[in-house]
Amino acid sequence: MQDTVAHPDKYSGKPEDNLKNIAFGTGTVEGILTGARHDEIVSGGQQSDKDYNEALQKKADLFNTAFGSTVGLATERVPIAGEIVNGVTEVIVGEVVEGAERNTNAETAHTAGETSFDGRKNALDQSANGLQIAGTPNGVDPEKMRQDVNKETSLGFDHGGVLQAQVKDHYQRTELK
């Protein structure tokens, strides 16, 4: 941005248009990166919950098997009692496992949402700082230029998010083949 304002003759087009294009590019890059961070947070949280819940279920199954064997040995003389105790134990263990399962979807969604908000803010801050350092081209209203840079940065951010989603979709479809 600074070079565009300081040396407008080096670039084709009007300096104010070039500043808007740079702001759009800044937003696009940040939108792509933020979309990727958002997806990683969500998929990482889902995988973590899945891994935890699967490990918990394996431990419960192991406990039920070990407990069933122990009770079976102790109740050989009264088979009905063993079946009742095993059945009740499996129900209780199942309820304990269900209560202990992890579902951090809401927390993960909140964190991912914060990441997206922070990414947009970061893009806007980068463009605003760049414009402040560069200054406004001669004959251009500084407030209008600031608004245009903010608008282009936001549009670029949204565009970057769309590009990131399209690339992710493409790779997911390609992996399925």
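Given the structure, is Gly25 closer than 30 Å to Lys144 by Cα, at pLDDT 90 or above and assigned to a helix (DSSP H, G or I)?
Numbers: closer than 30 Å to Lys144 by Cα: yes; at pLDDT 90 or above: yes; assigned to a helix (DSSP H, G or I): yes.
Answer is yes for this residue.
Does Lys20 count as within 38 Å of the chain's Cα centre (by Cα) and either modelled with pLDDT under 60 or more than 30 Å from Lys144 (Cα to Cα) (or both)? The answer is no for Lys20.
Being touching a residue at least 24 places away in the same chain (Cβ under 8 Å) and surrounded by 11 or more Cβ atoms within 10 Å (Cβ to Cβ) is the filter here; which residues of region 129-150 pass it? Answer for region 129-150, where residues must be touching a residue at least 24 places away in the same chain (Cβ under 8 Å) and surrounded by 11 or more Cβ atoms within 10 Å (Cβ to Cβ): Gly130, Leu131, Ala134, Gly135, Thr136, Pro137, Val140, Met145, Asp148, Val149, Asn150.
When you check Asp169 against the structure, is it more than 21 Å from Gln47 (Cα to Cα) and open to solvent by less than 90 Å² (accessible area, probe 1.4 Å), yes or no?
Details: more than 21 Å from Gln47 (Cα to Cα): no; open to solvent by less than 90 Å² (accessible area, probe 1.4 Å): yes.
In short, no.
Scanning region 128-165 for residues that are among the charged types (D, E, K, R) and in a helix (DSSP H, G or I) yields Glu143, Lys144, Arg146, Asp148, Lys151, Glu152, Asp158. Can you name the condition, by its number, that Val71 falls short on among (1) surrounded by 11 or more Cβ atoms within 10 Å (Cβ to Cβ); (2) modelled with pLDDT of 80 or more? Result: Val71 fails condition (2) only.
The residues on offer are Leu163, Leu176, and the sole one that is modelled with pLDDT of 60 or more, within 30 Å of Gln57 (Cα to Cα) and open to solvent by 50 Å² or more (accessible area, probe 1.4 Å) is Leu176. Is it the case that region 111-122 has a residue that's more than 19 Å from Thr28 (Cβ to Cβ) and outside any helix (DSSP H, G or I)? No - not one qualifying residue is present in region 111-122.
Among residues of region 1-12 that are under 16 Å from Gly130 (Cβ atoms) and in contact (Cβ under 8 Å) with a residue 24 or more places away in the chain, those with a Cβ under 6 angstrom from a residue that is open to solvent by less than 60 Å² (accessible area, probe 1.4 Å) and part of a loop (DSSP other than H, G, I, E, B), sequence gap 6+ or separate chain, pair up as Val5/Gly135; Val5/Pro137. Among the conditions (1) modelled with pLDDT of 80 or more; (2) open to solvent by 60 Å² or more (accessible area, probe 1.4 Å); (3) in contact with a helix residue (DSSP H, G or I) (Cβ under 8 Å, 6 or more places away or on another chain), Asp125 misses just one, which is (3).
The values are calculated or read from the model by the stated rules, or taken from the named source; none is laboratory data. Since this is a predicted model, take the numbers as computed values, not measurements. A quick note on method: Cβ atoms are made from the backbone with ideal geometry, for glycine too, and the neighbour counts reach across all protein chains shown. These area figures cover heavy atoms from the full protein model, side chains too; ligands, DNA and RNA do not enter into them. Shrake-Rupley method; radii C 1.70, N 1.55, O 1.52, S 1.80 Å.
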